[in-house]
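One structure below.
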Amino acid sequence: MIIFIIDDHQMFAEAMRTVVQGFFNDSQIDIFTDPKKALESIDRIQPDLIILDLEMIGITGLIMLDILSQNRQNIPILICSGNLNEHNKQRVINAGAKGFLSKTEGMQQIREAIEALLAGKTYPKEACQYLSETQTSLLSNRQRIILGLMQSGLSNSEMAEALYVSTNTIKTHVRLMYNSLDVNSRIACINKARELGLIDPI
């Protein structure tokens, strides 16, 4: 069994690996503090489970969820975050996570969460209650991902690499976003998206 821990806090990631390794002795547990490197590895080796931090510099946990969903990566993802308010719970479940866990939880909860997701269940059981049918129609899912990457400061070529598409495809989506939001620059696009609640303020 292969488990990826993606968290830009090295100390927490190593502590989590020690805990998980104690439960699953024969598992291979890889740590990634750089989300880009994690995406590259997921493209080569599909893990059985991903434990993902929500708030990371650059490519956030939500953007990671969107990218994996768009690339049809059907890997169970457990969000482990120190900022799990009700809003974030709804966001991660609707973005494709199968469960969420606070970083303040104990070892038993960590084990229960991992076992639940590996068994094809959600964690906690009521996580599915956060699924919502309301979706933003102003931008497509792909454009929403690009918007998040744009906010993170990635160039067109870097976004193309992360999403496995051509630079021209990225440029087309950016142009369509400009038209939808009635703007003509990246800064104006990001500011307008914030005003409309399409992305969170930094």
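The values are calculated or read from the model by the stated rules, or taken from the named source; none is laboratory data. Please read all numbers here as calculations on a predicted model, not as lab measurements. Positions of Cβ are backbone-derived with ideal geometry, glycine not excepted, and every protein chain shown enters the neighbour counts.
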**Fill in**
Only one of (1) under 17 Å from LEU198 (Cα atoms); (2) touching a helix residue (DSSP H, G or I) at 6+ places or on another chain (Cβ under 7 Å); (3) not β-branched (Val, Ile, Thr) does not apply to LYS98, and that is (1)
**Prompt:** Could we say that ASP43 is within 16 Å of the chain's Cα centre (by Cα), surrounded by 16 or more Cβ atoms within 10 Å (Cβ to Cβ) and not assigned by TED's automatic domain parsing to the domain that holds LEU149 here?
**Reply:** no
**Prompt:** Can you find even one residue in segment 157-176 that is outside the structural domain of ILE79 (by TED's automatic domain parsing), in a helix (DSSP H, G or I) and under 23 Å from GLN90 (Cβ atoms)?
**Reply:** no
**Near pairs, Cβ below 7 angstrom, 6+ apart or cross-chain, from segment 15-43 (at pLDDT 95 or above) to any residue that is surrounded by 14 or more Cβ atoms within 10 Å (Cβ to Cβ) and basic (Lys, Arg)** = ILE29/ARG17; ILE31/ARG17
**Asked** What residue, among those in segment 110-119 that are over 19 Å from the mean Cα position of the chain (by Cα) and more than 22 Å from GLY82 (Cβ to Cβ), is surrounded by the fewest Cβ atoms within 10 Å (Cβ to Cβ)?
**Response** ALA119
**Fill in**
Reported set for segment 152-179 where residues are modelled with pLDDT of 90 or more and of a type in the set (Ser, Thr, Tyr) is SER155, SER157, SER166, THR167, THR169, THR172, TYR178
**Asked** Out of all the residues in segment 64-75, which are at pLDDT 85 or above and either closer than 19 Å to GLU161 by Cβ or surrounded by 22 or more Cβ atoms within 10 Å (Cβ to Cβ) (or both)?
**Response** MET64, LEU65
**Asked** Which ones in segment 181-200 are modelled with pLDDT of 90 or more and either assigned to a helix (DSSP H, G or I) or in contact with a Gly (Cβ under 8 Å, 6 or more places away or on another chain) (or both)?
**Response** LEU181, ARG186, ILE187, ALA188, CYS189, ILE190, ASN191, LYS192
